[in-house]
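Right, one structure below, let's go through it.
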Amino acid sequence: MRNSLTAALDIGTSKICCLIGLPGEGESIRVTGIGHHVSRGIKSGTIVDMDAAEGSITAAVLAAERMAGETVRDVVVGVAGGQLSSRLIDMQTGLNGGPVRDVDLRRLLYGGTPETEPHRVLLHAVPVGYSIDGSNGIHDPRGMHGHMLAVHVHEVTASATAIRNVTTCVERCHLNVSDVVANPYAAGLATLVPDETGLGVTVIDMGGGATSFAVFLEGSPVFAGSVPVGGTHVTNDIARGLATPLAHAERLKTLYGSALPSPSDERETIVAPQVGEESGGTQNHVPKSFLVSIVAPRIEEILELVRAELDPVGASRIAGRRVVLTGGACQLPGVPELAARLLDKQIRIGSPAGFAGMAAATSGPAFAACAGLLRFATEDTGDLRNHAGYRAPATDGLLSRLGPLGRIGGWLRENL
Ligand SMILES: Nc1ncnc2c1ncn2[C@@H]1O[C@H](COP(=O)(O)OP(=O)(O)OP(=O)(O)O)[C@@H](O)[C@H]1O
Ligand SMILES: [Mg+2]
């Protein structure tokens, strides 16, 4: 664990959040600075207006610095969009029947790793399990005998240009990007308990412009991805459906929105001012059921899109029965129930856990990803490419990340 101050920056579509903290007592992380600001210039988790985004980032970081009473230089940044993609790669090496030595592991992990596809950068490379002569489920193969040693490595990549835009924008704010992390992975680190990551769980971060997800099994992330739809789309649908300004649509959504119909919906009436006639003009009176009929299909669509990513690769099967929903948009009433039905899983809402000093306003699901970034930065997560000499993700290829200082879980690192 690093002992110094660390800063996490979550550049979301709805809000930019900056947390400053350091390792606290026991398992917890002590948060000393919190700053958040409405997001400008971000669409579906991707930067579309550099100047606007720069202004929002600076405001969030300044607020966190003021609270912490310290200035930060290095930040760990999360990405939710950027076309996250995930694959499991197999690497193997011969053993000549002898016991597995450290040199065998080095040859396995550092020799002849497949290249990252063009125009993609590697965000994570996590070894998720070894096998010897076809026997799977080995966590530490050292000392075991066999002829063929293999490892599954979970790689998460993102669009190179999206990442470059994020790093450029952050650097324009006089900050240094020390690490880039896939947001759903961070959301899992903040919200999941060891029993869940051990048995299998899917974490779904329903944000403003993107919904990202990660599957954890036996303690490691084994699948991750994202779909470019989130709570903002629900708001846009309401604005269009009721011909009301976006600010009113957002308010109606948080006050009365629901993804599930209820018998009282026909009796309750909501009032929506019409676009262009906000001050004393025409107002639309509609039953609450009309709002539900706009919200529910969009939430269903988001969940179906997530399922369509998880099912073909068997991710929902290996993830067991548990889904943890997080992100601001999962707070819409009825979302957990709808998710339980559509995904056929047990659902719970996940908020950041194990953080001391989080203000009440930032302890909800919308801040899970940012809290997870802080945890990623302060703890050893066993990521192959996340080592001290790690360069900003501009270079291509896994090999360049796997220098001799590779941080690959405590037990292996000791021998490098
Ligand atoms: N109480 C609430 N009820 C319903 N929706 C809510 C509530 N609070 C926040 N939201 C919605 O959550 C969304 C924002 O979530 P979040 O803050 O997690 O997004 P973000 O991290 O900025 O975006 P992204 O991760 O997609 O880039 C918005 O669409 C907002 O309307
Ligand atoms: Mg987010």
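Looking at the chain alone, DSSP beta bridges between its own residues are antiparallel in about 75 percent of cases.
As a fraction of the 1.4 Å probe accessible area of region 17-105, surface on carbon and sulfur atoms comes out at 47 percent. Under a 10 Å cutoff between Cα atoms, tell me which one of 223, 376, 290 has the largest fluctuation in the Gaussian network model of the chain. Looking only at 223, 376, 290, the biggest GNM fluctuation is shown by 290.
Here the relative contact order of the chain, from alpha carbon pairs under 8 Å that lie six or more residues apart, stands at 20 percent.
Placing unit charges on each Cβ (+1 for Lys and Arg, -1 for Asp and Glu) gives region 194-352 a dipole about its Cα centre, and among 245, 302, 320 the Cα reaching farthest toward its positive end belongs to 320.
Taking Cα centre as origin and charging only the Cβ of basic (Lys, Arg, +1) and acidic (Asp, Glu, -1) residues, the dipole magnitude of region 12-72 rounds to 200 debye. For the chain, the solvent-accessible area with a 1.4 angstrom probe is 41 square angstrom per residue. Per residue, the convex hull spanned by the Cα atoms of region 194-352 measures out at 101 cubic angstrom.
Rounded to the nearest Hz, the phi-derived 3J(HN,Hα) couplings of region 37-53 under the Karplus curve 6.51 cos²θ - 1.76 cosθ + 1.60 (θ = phi - 60°) are 8, 4, 7, 10, x, 10, 10, 6, x, 10, 6, 10, 9, 4, 4, 5, 5, where x marks glycine and proline.
Each Lys and Arg Cβ is given +1 and each Asp and Glu Cβ -1; about its Cα centre, the chain then shows a dipole of about 240 debye.
Amide H to amide H distances under 5 Å link residue 24 with 29, 30, where only residues 5 or more positions off or on other chains count and H is placed in the peptide plane. Building the convex hull from the alpha-carbon atoms of the chain and averaging its projection over directions returns 20.8 nm².
Derived scalar couplings between HN and Hα for region 257-271 equal x, 7, 8, 10, x, 9, x, 7, 4, 6, 7, 7, 10, 10, 10 Hz in order, rounded to whole Hz, by the Karplus curve 6.51 cos²θ - 1.76 cosθ + 1.60 (θ = phi - 60°), x for Gly and Pro.
Split the accessible area of region 194-352 by element, probe 1.4 Å, and carbon with sulfur accounts for 53%.
Close amide-amide hydrogen proximity is noted between residue 201 and 216, each under 5 Å apart and 5 or more residues distant or on a separate chain (H modeled in the peptide plane; Pro and chain starts excluded).
Summarising the amide proton neighbourhood of residue 146: residues at separation of 5 or more, or on other chains, whose placed amide H is nearer than 5 Å comprise 97, 98.
Excluding same-chain neighbours fewer than eight residues apart, the lysines reachable from residue 15 by a Cα-Cα span under 25 Å are 43, 253. Could you tally the net charge around residue 350, taking each other residue with its Cβ under 10 Å from the Cβ of residue 350, Lys/Arg +1 and Asp/Glu -1? That sum, taken over residues with Cβ under 10 Å, equals -1.
Scalar couplings 3J(HN,Hα) for region 60-77, obtained by applying the Karplus form with A = 6.51, B = -1.76, C = 1.60 to θ = phi - 60°, are 5, 5, 4, 4, 5, 5, 4, 5, 6, x, 9, 9, 9, 10, 9, 10, 9, 10 Hz; x denotes Gly and Pro.
The values are calculated or read from the model by the stated rules, or taken from the named source; none is laboratory data. Small disclaimer: the values here were computed from a predicted structure and weren't measured. Methodologically, a virtual Cβ is constructed for each residue, glycine included, from the backbone with ideal geometry; neighbour enumeration extends over all protein chains shown. For the accessible areas, the whole protein counts, side chains as well, though only heavy atoms, and no ligand, DNA or RNA atoms are used. Shrake-Rupley method; radii C 1.70, N 1.55, O 1.52, S 1.80 Å.
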